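Nothing in this text is a laboratory measurement; each read-out follows from the coordinates by a stated rule. Everything quoted here is computed from the prediction, not taken from an experiment. All Cβ positions, glycine included, derive from the backbone under ideal geometry; neighbour counts span all protein chains shown.
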Ligand SMILES: [Zn+2]
C-alpha cells in the first residue's frame, strides 16, 4: 500500500464499515434441515480499542433491507434463496393502508376489554354516552389502529372516569439496553415457547447489541432512529417485549417475546398491530415484519397483514403480495417475477431449462465447501462479476487502522478475480451482495472473516 494513503480511522467518520465473513450454512429453524439455511454474512458493528465503534448507518442498513438483508445483533446476513431449503421473502406494508381483519380487530378489542374491565367500560359508557347515530358511524368507520392500541394504556385513559381500570397497562419505547428483567423474560420465552436454553451472553449478542452508528439519533423529520426495545408492562411487570429497528421511513420488527401467562391474548397479533400503529403514528412509511416463509406453516400468519408487498429476490422491485403470488409459491418455492420475465423472453430451451432449475431446491444436504462463494454457488440476487470488475478497484478498504482504496493493495493488478481465496474475489462478494451503488459509499475491512 502506498505510504501517502496512511490515515487514521478517525477519518472513517459517519461512513459504514463492513467486515465480510463469507458464505455460511446453518441448521434451518423453519424445517430443521441440519445445514439447509445458506446465507452470506458480514459483521456490521465492531468495537476496536484503537478506533472506537465501527458500524453501519441506519440509512445504509435500510438500503440492505431493500436487497433482502436482515440482522441478528451486530451480524447482517443475506439468505441465498436459491440454495436454502426454506425461502426467506422480504415483505413490508405501508402503515397508512393497513386494514385490520376481523381476527386482528378481535384480538385488540379483547385485550382492551381485559385491561379496562367491565366496570370501567360501563362507567365510561355512562360518562360519555354515544348516540345511536355515532354508534352506527363508528361501526362503519375503518378500524383506527392507533386509537385502538392506545385505548387500554394508562397514559391515554380519560381522566374523568373516577374508576380505576382492572389492570394498569403501559407500553414504553426505550433504548435497546440490557436489564435483568428483560433477560428473565427472554429466558422464560426461550424455555416455554422454543424449548431452548437461553444464555445471558446470547441475549446481549442477539437482542441488545446493534450495529448502528450513531447508536441513537433523530432524522430530519424528528423521528427516532436506532435500535429500540418496546416494553409492555402490566401492573409494572414486564410481560412482553419487541426488539425494533427504527430506520429512515420504516419500522423493522427484529424479534418479539412474551410471557406465556398471557398466551391466550394472541400477543403475536397484538404486537404486529402495535408496531404498524407505531409506524403510522410517528410517520414511518413502512412496516417490515421480517421474512415470510411460505414453506413453514407457522410463519404463514404474516400474509394476514394486508395489503402487503414482497421483494423480487433478483432485481429488488416490489410486487403486490396477494393470494396470486402466494399460490405460485405452492409450486415454485423460488419465484422471481423479473427472472421469469427475462428468461421467458429469451425463450431458448437453455434459458427455460435454467428457469426450471431455479424452481427446484438445490441439494439440501450439501454443505458449503471450504471456499464456496456467492459466485461459485450461484447465489440469488447478486451482481455479476463482469459488472463488478470495472468498479472494484475503487472500493475503499480499511487495512488495520488505515484507509486505502483496493487498487493500492500489493499485486492487485495481477490478482485473478475468479479465484475464491483472493482478496479481490472477497471484495467482489461484498459488492455483489450489497450492490454497486451502496458499495461506492461503504468501507470494507477484511480483518475479520474466514
Ligand atoms: Zn428449511
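Below are the figures for this structure:
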quantity	calculated
Label-to-label distance, nm, for residues given as residue 205 and residue 179 (7 Å Cα→Cβ offset)	2.5 nm
Inter-centroid distance (Cα atoms) of the stretch 68-82 relative to the stretch 35-56, Å	11 Å
Fluctuation leader among 332, 70, 132 - the chain, Gaussian network, Cα springs under 10 angstrom	132
Debye log10 I(q)/I(0) at q = 0.14, 0.17, 0.24, 0.25 Å⁻¹ for the stretch 123-220, Cα point scatterers	-0.85, -0.96, -1.28, -1.31
Extent along principal axes [Cα atoms of the stretch 91-309; Å; largest to smallest]	54, 39, 35
Efficiency of FRET from Cβ geometry, residue 306 and residue 133, R₀ 45 Å, rounded to 0.05	0.90
Calculated FRET efficiency for the pair residue 261/residue 125, C-beta based, R₀ 30 Å, to 0.05	0.55
Globularity index of the chain, i.e. its alpha-carbon radius of gyration over 2.2 N^0.38 Å	1.09
Packing-based order for 152-158, 431-437, using average beta carbon neighbours within 10 Å, highest first	431-437, 152-158
Estimated distance in nm for a label pair at residue 141 and residue 329, the labels positioned 7 Å out from Cα along Cα-to-Cβ	3.5 nm
Length gained when the stretch residue 50-residue 441 is fully extended (0.36 nm per residue, less Cα-Cα span)	138.5 nm
Length added when fully stretched, residue 235-residue 110, from 0.36 nm per residue minus Cα-Cα	43.2 nm
Amide N of the stretch 60-78 lying under 19 Å from the label point, which is placed 7 angstrom from the Cα of residue 249 along Cα→Cβ	60-70
Stretchable slack from residue 378 to residue 414, in nm (0.36 nm times residue separation minus alpha-carbon distance)	10.5 nm
Centroid-to-centroid separation of the stretch 233-289 and the stretch 149-170 [C-alpha atoms, Å]	19 Å
Peptide ranges 408-419, 228-239 listed from the most packed, as the mean C-beta count within 10 angstrom indicates	228-239, 408-419
Relative packing of peptides 212-223, 39-50, 74-85 - highest average C-beta neighbours within 10 Å first	74-85, 39-50, 212-223
R0 of 45 Å, Cβ-Cβ distance residue 156-residue 298: FRET efficiency to nearest 0.05	0.85
Average silhouette area of the stretch 77-189, convex hull of alpha-carbon atoms, in square nanometres	11.8 nm²
